[in-house]
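Notes follow the structure.
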């Protein structure tokens, strides 16, 4: 029989972390989604267009305002919808988009909260 050498391992006592993030994981995920949606030049331009012409803007009019194809614009609008920045109402074949002002206020609060 071989001689087996045993090594004792001493574990440090478990203590609470010294620093704890003020932001919960779930909140961080939703806030990051919102900020990521804003962190794109095309999406910022679409948001600017929608904000400038308050009310609802037809997706066909949004496409006409850019040099991008309709599927690309739709992709950006979907990301902004998923983040809660915009929403739309369907009328017949067309979708009419509008800014959700409360989401913009949330983005401002997120940035203000991080800077304090």
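The values are calculated or read from the model by the stated rules, or taken from the named source; none is laboratory data. These numbers come from a predicted model, not from an experiment. With ideal geometry, Cβ positions are generated from the backbone for all residues, glycine too; neighbour counts draw on all protein chains shown.
General remarks:
- Take the conditions (1) more than 18 Å from the chain's Cα centre (by Cα); (2) touching a residue at least 24 places away in the same chain (Cβ under 8 Å); (3) not in a loop (DSSP other than H, G, I, E, B); residue 79 misses just one of them, which is (1).
Let's see how each residue does on (1) under 23 Å from residue 102 (Cβ atoms); (2) within 18 Å of the chain's Cα centre (by Cα); (3) touching a residue at least 12 places away in the same chain (Cβ under 8 Å):
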{"residue": "36", "(1), (2), (3)": "yes, yes, yes"}
{"residue": "43", "(1), (2), (3)": "yes, yes, yes"}
{"residue": "46", "(1), (2), (3)": "yes, yes, yes"}
{"residue": "49", "(1), (2), (3)": "yes, no, yes"}
{"residue": "52", "(1), (2), (3)": "yes, no, no"}
{"residue": "55", "(1), (2), (3)": "yes, no, yes"}
{"residue": "60", "(1), (2), (3)": "no, no, yes"}
{"residue": "65", "(1), (2), (3)": "no, no, yes"}
{"residue": "70", "(1), (2), (3)": "no, no, no"}
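- Flag for residue 55 being within 26 Å of residue 29 (Cβ to Cβ) and in a loop (DSSP other than H, G, I, E, B): no
- Pair list, Cβ < 9 Å and 6+ apart or interchain, from the range 10-22 residues that are surrounded by fewer than 10 Cβ atoms within 10 Å (Cβ to Cβ) to residues that are modelled with pLDDT of 80 or more and outside any loop (DSSP other than H, G, I, E, B): 21/28; 22/113
- Residue in the range 59-67 that is modelled with pLDDT under 95, under 16 Å from residue 104 (Cα atoms), touching a strand residue (DSSP E or B) at 6+ places or on another chain (Cβ under 8 Å) and not in a strand (DSSP E or B) present: no
- Residue in the range 25-38 that is in contact with a strand residue (DSSP E or B) (Cβ under 8 Å, 6 or more places away or on another chain) and either at pLDDT 90 or above or surrounded by fewer than 16 Cβ atoms within 10 Å (Cβ to Cβ) (or both) present: no
- For the condition more than 30 Å from residue 21 (Cβ to Cβ) and exposed (fewer than 11 other Cβ atoms within 10 Å of the Cβ), residue 64 qualifies.
- With respect to the conditions (1) at pLDDT 95 or above; (2) within 30 Å of residue 22 (Cβ to Cβ), residue 76 lacks only one, and its number is (2).
- Filter result for residue 85 (surrounded by 14 or more Cβ atoms within 10 Å (Cβ to Cβ), touching a strand residue (DSSP E or B) at 6+ places or on another chain (Cβ under 8 Å) and within 17 Å of residue 42 (Cβ to Cβ)): yes
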